[in-house]
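Below is one structure; the comments refer to it alone.
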Amino acid sequence: MSSFRPLHALTIDVEDYFQVGVFQGSIKVEDWDTFECRVERNLDRILELLDARGIKATFFVLGWVADKYPAAVARLVAEGHEVGSHGFHHQPLWKLTPDGFREDLRRSLDALETATALRPDLYRAPCFSLTPSTSWAFAVLREEGILRDSSIFPVRHPEYGWPGAPSRPHRILVDGFDELVELPLRPSRLLGAPLTVCGGGWFRLMPYRLTRKALQGHERRGESFVFYLHPWELDPGQPRLREHTGATGRFRHYVNLGRTERRFTRLLDDFRFGTVGQVLQAAGAATDLPRVSYEGERPG
């Protein structure tokens, strides 16, 4: 058996606990300043864990966070990590018009550039909301200087997903000419069933041994995967906002928060991780990335 181990992309979606999707129906953007912010301390903990292992990651940062805590975002770049945009107000694309999306994206890029002196060319849509119904966003991304994206999730899900999309890195043809390099999240399989075990609630819900087994399946096939985590997931002491969501939302947000850091550290020790840029570079060095056109896509 070959000793080669693929490099996987470690991505951190930088938003605070009160900014997540399950609370968007009851917590307004204009009220965010009334909540205790904990994103700085949680970022500090993640950076400690990564520094101890010499791992560099990609941080998709909300423009709101960069605007409020520019020194924390500047530290990411100073320590050799990669920074991309996660939008400004964490609004899913299906809630925005193309013009509204452009404004939100520009505002986030401006905030990140002010904080880091670098203008990102990398993007991830909030809630993985780049789907067939929001494919108009590709043109906006390219027009605003985005060259790389990691938003597409080739799964069928009630809130997100692009069933049938390629799960390997590829180039998206935009208007038949411009190209946008895509590093999609990759569904895993366990006991023959497709599972989204590469981060978020499923990572907290499933026993770690099952997550590891599913992700090891990618390694046996020589495949890289993209893992994602939020800083608030390492913070079991965060305020409980039970009145702002229903029972399902509370379960999704709070399940196993006290176990996440231990699972995360095991993951960091069990697999090889790097930035989105490093994984794409490795993929491009191995083969010319296939070109895919999403023009004419419609909601499934």
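Taken over region 210-237, residues that are assigned to a helix (DSSP H, G or I) and modelled with pLDDT of 95 or more amount to 4.
Within region 1-60, being out of contact with any Phe, Trp or Tyr (no Cβ under 9 Å at 6 or more places or on another chain), assigned to a loop (DSSP other than H, G, I, E, B) and surrounded by fewer than 19 Cβ atoms within 10 Å (Cβ to Cβ) holds for Met1, Ser2, Ser3, Phe4, Gly25, Ser26, Lys28, Gly54.
Every residue, every condition in (1) among the basic types (Lys, Arg); (2) over 16 Å from Arg106 (Cα atoms); (3) more than 16 Å from the chain's Cα centre (by Cα), yes or no:
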| residue | (1), (2), (3) |
| --- | --- |
| Ala125 | no, no, no |
| Gly145 | no, no, yes |
| Ser150 | no, yes, no |
| Pro154 | no, yes, no |
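Looking at Thr275, Thr248, Thr260, Thr265, just one residue is among the hydroxyl-bearing types (Ser, Thr, Tyr) and in contact with a Ser or Thr (Cβ under 6 Å, 6 or more places away or on another chain), and that residue is Thr275. The set of residues in region 256-292 that are at pLDDT below 90, surrounded by 12 or more Cβ atoms within 10 Å (Cβ to Cβ) and among the small types (Gly, Ala, Ser) comprises Ala282, Ala283, Gly284. Give region 95-110 a look and list any residue that's buried (at least 19 other Cβ atoms within 10 Å of the Cβ), in a helix (DSSP H, G or I) and out of contact with any Pro (no Cβ under 8 Å at 6 or more places or on another chain), or say none. Selection gives Phe101, Asp104, Leu105, Ser108.
Candidates in region 187-209 are the residues that are modelled with pLDDT of 90 or more and of a type in the set (Lys, Arg); of these, the one that is farthest from the chain's Cα centre (by Cα) is Arg209.
The values are calculated or read from the model by the stated rules, or taken from the named source; none is laboratory data. Please read these numbers as outputs of a predicted model, since none were measured by experiment. For neighbour counting, all protein chains shown are included, and Cβ atoms are generated from backbone atoms with ideal geometry for every residue, glycine included.
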